[in-house]
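Have a look at the structure below, then the notes.
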Amino acid sequence: DRKKERQKERTTERKNDRKKERQKERTTERKNDRKKERQKERTTERKNDRKKERQKERTTERKNDRKKERQEKRTTERKNDRKKERQKERTTERKNDRKKERQKERRKKR
């Protein structure tokens, strides 16, 4: 009977050991799964952050490009306006000079 009893105890012990082992394995597995999941989330987050950052940079770049373009356009426009104005002044000046010259000639003839 004692032999049978010891046999039973060892069987129970082995059973409990295997149960404990499986429990430990599941715990470790869940722990590793959570760790992996958090790692994945951080990776995704960093990826999204970089994507957002690049998007922001491109937006800023385009904005600055448009600003520069408008500035250049205005500068060119003002430059052309001044050029046109000076041209107009010279034309008027020459016209007046010729008029004055003809007037002088007519007086001379009299």
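Here, each number is a calculation from the coordinates, and none is a lab measurement. Treat the numbers as computed from the prediction; the structure is a model and nothing was measured. So basically every Cβ, Gly included, is an ideal-geometry build from the backbone, and we count neighbours across all protein chains shown.
Based on what the data block shows, is LYS108 without any contact (Cβ under 8 Å) to a residue 24 or more places away in the chain and either of a type in the set (A, V, I, L, M) or surrounded by fewer than 10 Cβ atoms within 10 Å (Cβ to Cβ) (or both)? Reasoning before the result, please.
Details: without any contact (Cβ under 8 Å) to a residue 24 or more places away in the chain: yes; either of a type in the set (A, V, I, L, M) or surrounded by fewer than 10 Cβ atoms within 10 Å (Cβ to Cβ) (or both): yes.
Yes.
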query: Residue check: is ASP33 in a helix (DSSP H, G or I), over 41 Å from the mean Cα position of the chain (by Cα) and either surrounded by fewer than 10 Cβ atoms within 10 Å (Cβ to Cβ) or free of Cβ contacts under 8 Å to residues at least 12 places away in the same chain (or both)?
result: no
